[in-house]
């Protein structure tokens with residue numbers, strides 16, 4: 001590949017680094033110089049062996065999903081690639097034909113998809129756990145990628161890396177902007193915007209105060225809490241939510257009470273759409289809110305009435321339930337019969353569209369803090 005053609009392709013890459021169509025146009029032009037059946041760009045967790053295909057040319061989406069869900073963990077070629085130096089293209093011929101052709105990956109995935117040869121490079125160091133992998137595939141009618149072709153592809157590696165960095169900065173800026181706008185409206189709880197991997201993307205001023213005091217921690221981009229109970233409940237709620245959104249369980253418990261009514265916290269986690277590193281897509285993250293019980297305020301009482309159409313008595317009962325009080329204790333506090341309290345609870349079920357107390361509190365905890 002001559003220098004003029006190389007410059008043209010690099011220019012195409014940089015011009016559209018933040019657009020899916022631009023990346024696809026770059027790969028299309030590249031395939032005209034280095035014949036390729038299909039090309040994929042994947043953000044891969046190299047330790048857990050899972051990933052997300054950002055871009056894909058010429059492979060059916062259902063086949064790609066099958067690869068992500070199952071065959072990635074059985075891909076003998078990618079297992080060999082991860083052993084090779086990053087930021088350099090390597091051909092699949094570096095893995096013996098005997099090992100490839102005898103594998104489940106080849107028999108059940110690559111061969112039916114007419115993939116026989118491949119080359120690929122990790123654009124970021126896979127030893128760090130997460131890396132971008134670019135893979136080019138050829139069919140049975142082609143020859144393996146030659147050394148000259150691999151050398152030409154190597155020239156693009158630093159530019160692909162730079163283009164990805166540009167794109168990630170744009171996405172990070174969009175996440176911050178969207179996150180700040182969203183959490184900025186939350187005034188009575190500490191709010192943390194999390195990625196599907198639990199990374200802290202954005203937070204509000206109350207959350208910043210917790211970070212400065214060391215109650216909340218930001219370790220390796222992950223949100224953690226210094227208090228063991230808070231940390232455990234946050235992890236459990238987040239994992240439950242991700243299992244729920246992945247359709248791996250029918251319901252997610254999205255709230256928790258930690259500590260007593262004077263010194264404890266109310267915690268809730270709910271789905272939240274955020275921009276994806278994959279151009280043109282969004283992914284489902286999470287909004288975690290932490291509210292000290294001492295911040296129970298008139299706004300919350302008014303919010304309950306406004307949001308759910310509750311009477312003053314119903315709002316008082318629900319507020320006390322949220323503080324962990326029993327029906328008997330609430331009746332004593334309000335100076336009414338326990339049957340009256342239960343009547344208020346039952347009528348609140350109807351207004352909130354729920355059938356039991358845990359569902360009622362889940363709706364309240366996930367909705368009230370945004371008023």
_Checking residue 157 against (1) closer than 21 Å to residue 24 by Cβ; (2) buried (at least 21 other Cβ atoms within 10 Å of the Cβ); (3) within 31 Å of the chain's Cα centre (by Cα), the condition it does not meet_ = (2)
*Looking at the range 16-28, is at least one residue in contact with a strand residue (DSSP E or B) (Cβ under 8 Å, 6 or more places away or on another chain), buried (at least 20 other Cβ atoms within 10 Å of the Cβ) and modelled with pLDDT of 85 or more?*
yes
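Can you tell me which residues in the range 277-291 are assigned to a strand (DSSP E or B) and modelled with pLDDT under 75?
282, the sole residue that qualifies.
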*Which of the residues spanning the range 28-50 are in contact (Cβ under 8 Å) with a residue 12 or more places away in the chain and part of a helix (DSSP H, G or I)?*
28, 29, 30, 31, 33
*Does residue 121 count as under 26 Å from the mean Cα position of the chain (by Cα) and not in a helix (DSSP H, G or I)?*
yes
_Lone unmet requirement of (1) in a loop (DSSP other than H, G, I, E, B); (2) surrounded by 20 or more Cβ atoms within 10 Å (Cβ to Cβ) for residue 85_ = (2)
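Among the residues of the range 1-27, write down those that are more than 23 Å from residue 150 (Cα to Cα) and outside any helix (DSSP H, G or I).
Quick first cut of the range 1-27, residues more than 23 Å from residue 150 (Cα to Cα) only: 15-16, 18-21.
Result: 16, 18, 19.
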*Does residue 54 fit the bill of being closer than 24 Å to residue 28 by Cα, at pLDDT below 90 and not in a helix (DSSP H, G or I)?*
yes
_Options 74, 37: the member that is buried (at least 17 other Cβ atoms within 10 Å of the Cβ) and either at pLDDT below 90 or under 31 Å from the mean Cα position of the chain (by Cα) (or both)_ = 37
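The values are calculated or read from the model by the stated rules, or taken from the named source; none is laboratory data. Please read these numbers as outputs of a predicted model, since none were measured by experiment. Cβ sites come from the backbone with ideal geometry, for glycine too, and all protein chains shown count toward neighbours.
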